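The structure appears right after this line, and notes come after that.
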Amino acid sequence: MYGLDGHVAIVTGAAAGIGRAIALRLAQEGCRVGLFDLDGAGAEATADMVRAPGGTAAVAIGSVAVRDDVARGLERFERDLGSTDIMVNNAGILRAAPVAELTEKAWRDTFAVNVDGVLFWCQAVLPGMLARRQGVIVNMASFAGKKGQATLSAYCATKFAVIGFTQSLALEVAEHGIRVNAVCPGIIVNTGMRDEIEGYNAEHGRPDVAQRTQAIPMQRAGEPEDVARVVAFLASAEAGYMTGQAINVTGGLWTT
C-alpha cells in the first residue's frame, strides 16, 4: 500500500475500463474518489464498487472537452470530498481511419477529448494545488504517443501532444511541489477502446489482439489493473522524485 489515506483523487473516464480500475485502486489505497464521465450509469456503477467495501466516491457527469462541465465537476467534488490532491486525466477516445479518409470532425473530436480535456482539468485543479504547494497529476498517454501507427494518426497525434504537455507542465510546477507524469499503456484488453479497435481491425483485415500479443515479450496483453497499479505508484510519495516522465506499461512491446 502506498499511504494515500485521506487523499482526494479525481479520475476522468471513470465509468469503465482503465478509468474504473484506477478509481478502484486509488480507493483501495484510501483515497476519496471523484468519478467524472459522460456515462452517468457507468460512473455510478464504479461508485457502487468503491463504496461496497467502505470507500467514498462522488460522481459528476460531463464532458472533459467542455470547460463548463469541468468547472461544475470540480465544484461538486471539492464540495463533497475536499481539496484535490491527485488528478488523473484518463478520459480518451479513438477514431481509426487512413489519413486520406479522416474527417475533420473525427480529428477535432479526438483533440477535444484527448488534449483539450487534459488542459481543462489541469487548469481547473492547478490553482488549488499551487496554493497548497502540493499535488500530483497523472495524464494518460499511450505508447502510440511515442510511435506512430497506421490508421491511428489522430489518436497518435493527441498522445504525442499529451506527453509534450506533461513534460512542459512538469517543468513549470516542479518548484511549487507539484509532480506531473504520464502513463503510456500498450495493448490493454477489457476496455471499450480495445473493443472499438478490434472491430475496426476485423473489418479491415488487420491483426487481432491475439496475433499482436505474439509480438509482446511478456506474451500477454495488459489488463486495466496493470495500468492502475502504475498510476497508484505515481500518485504516491514512493514516486516523490519523479516528474515529467512518460512511463510505458506495455509488457516490453515498447521500451523507449
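Would you list the P(r) distribution for the stretch 139-256, with all Cα-Cα distances sorted into 10 Å bins from 0 and each bin expressed as a whole %?
13, 42, 32, 11, 2, 0
On alpha carbon coordinates alone, what is the Rg over Rh value for the stretch 1-147, Rh being the Kirkwood radius?
When Rh is taken as the Kirkwood radius, the ratio is 0.99.
Specify which residue in the list MET242, PHE143, GLN214 is farthest towards the positive end of the charge dipole of the stretch 124-256, using unit charges on the beta carbon of Lys, Arg (+1) and Asp, Glu (-1), about the Cα centre.
The residue sitting most towards the positive pole is MET242.
Can you give me the distance in nm between label points at GLN149 and ASP195, each placed 7 Å from the Cα along the Cα-to-Cβ direction?
1.8
Which helices count as membrane-span-like in the chain under these terms: full DSSP H, at least 24 Å along the axis by C-alpha, Kyte-Doolittle mean of -1.0 or more?
Span-like helices in the chain: 153-173.
Considering the zone a paramagnetic label at ARG206 would reach in this model (a point 7 Å from Cα along the Cα-to-Cβ line), which residues of the stretch 152-178 have amide N under 11 Å from it?
Flagged as within label range: 152-156.
Within the stretch 200-220, what residues put their amide N at less than 15 Å from the label point 7 Å along the Cα-to-Cβ vector of GLU101?
Backbone N within reach: 200-207.
State, as an integer percentage, the relative contact order of the chain based on alpha-carbon contacts under 8 Å between residues 6 or more apart.
On the way: 543 pairs, mean separation 50.2, N = 256.
Relative CO of the chain lands at 20 percent.
Is it possible to state the helix-based mean residue ellipticity at 222 nm for the chain, with each DSSP H run of 4+ residues giving -39500 (n - 2.57), the sum divided by total residues, to the nearest 500 deg cm²/dmol? What is it?
Mean residue ellipticity at 222 nm (helix-derived): -13500 deg cm²/dmol.
What is the Cα centroid distance between the stretch 175-211 and the stretch 63-79, reported in whole angstrom?
26
Quick one: putting +1 on the C-beta of Lys and Arg, -1 on the C-beta of Asp and Glu, what dipole do you get for the chain around its Cα centre, in Debye to the nearest 20?
The dipole of the chain has a size of about 440 debye.
Using 17 Å as the cut-off for backbone N distance, which residues of the stretch 120-152 belong to the label zone defined by a point 7 Å from the Cα of GLN167 along Cα→Cβ?
Only 139-148 pass the distance filter.
All of the numbers you see were taken from the coordinates with simple rules; none came from a lab. It should be emphasised that the depicted structure is a prediction, and the values quoted were computed from it without experimental measurement. Virtual Cβ from ideal backbone geometry, glycine too; neighbours counted across all protein chains shown.
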